[in-house]
1. Check residue 4 against each of (1) under 11 Å from the mean Cα position of the chain (by Cα); (2) not in a loop (DSSP other than H, G, I, E, B) and name the one condition it does not meet.
2. Any residue at all in segment 13-21 that's of a type in the set (A, V, I, L, M), assigned to a helix (DSSP H, G or I) and without any contact (Cβ under 8 Å) to a residue 60 or more places away in the chain?
3. Evaluate the following for residue 43: is it in contact with an Asp or Glu (Cβ under 7 Å, 6 or more places away or on another chain), of a type outside the set (D, E, K, R) and either surrounded by 10 or more Cβ atoms within 10 Å (Cβ to Cβ) or at positive phi (or both)?
4. Which numbered condition trips up residue 32, out of (1) in a helix (DSSP H, G or I); (2) under 9 Å from the mean Cα position of the chain (by Cα)?
5. I'd like to verify a number: residues in segment 46-56 that are assigned to a helix (DSSP H, G or I) and exposed (fewer than 15 other Cβ atoms within 10 Å of the Cβ), how many?
6. Give me the pairs: first residue in segment 41-70 and farther than 19 Å from residue 17 by Cα, second residue surrounded by fewer than 10 Cβ atoms within 10 Å (Cβ to Cβ) and of a type outside the set (D, E, K, R), beta-carbon distance under 7 Å, and six or more apart or on different chains, which are they?
7. Restricting segment 1-38 to residues that are within 15 Å of residue 57 (Cβ to Cβ), buried (at least 17 other Cβ atoms within 10 Å of the Cβ) and hydrophobic (A, V, I, L, M, F, W, C), which is modelled with the highest pLDDT?
Amino acid sequence: MNATPLGLRPDDPPPFAVADLPAHAVVADIIMSPAETALLRAARERGLPAHPGEPMLAHQIDAYLDFFGL
C-alpha cells in the first residue's frame, strides 16, 4: 500500500521495491492521478494484482457522507 505522495510526479520512484514483495502480494496505491503510477506499473509487470486510488475513493464516498451526516 502506498499512502505517500510518491507517484504524483512522473519521475517519482516507487516508494518500495516491488521485487522484494512475495509472489502473493497485492499492491494498492492511493494516488488517483496519474491512474497508473510507477509502483502499479512495476507490480503489474511482475504479475501482481495492482489497485489504483480512484476506485478506492469511489467506494468510500457513501461512508464519508454518512460519517459527516451529509
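The values are calculated or read from the model by the stated rules, or taken from the named source; none is laboratory data. Just so we're clear, the structure is a prediction, and the values are computed from it rather than from any experiment. Quick reminder, even Gly has a Cβ in these numbers, built from the backbone with ideal geometry, and neighbours come from all protein chains shown.
1. Checking residue 4 against (1) under 11 Å from the mean Cα position of the chain (by Cα); (2) not in a loop (DSSP other than H, G, I, E, B), the one that fails is (2).
2. yes
3. No, not satisfied.
4. Every listed condition holds for residue 32 apart from (1).
5. Matching residues across segment 46-56 total 3.
6. Cβ pairs passing all conditions: none.
7. Checking each candidate, the answer is 28.
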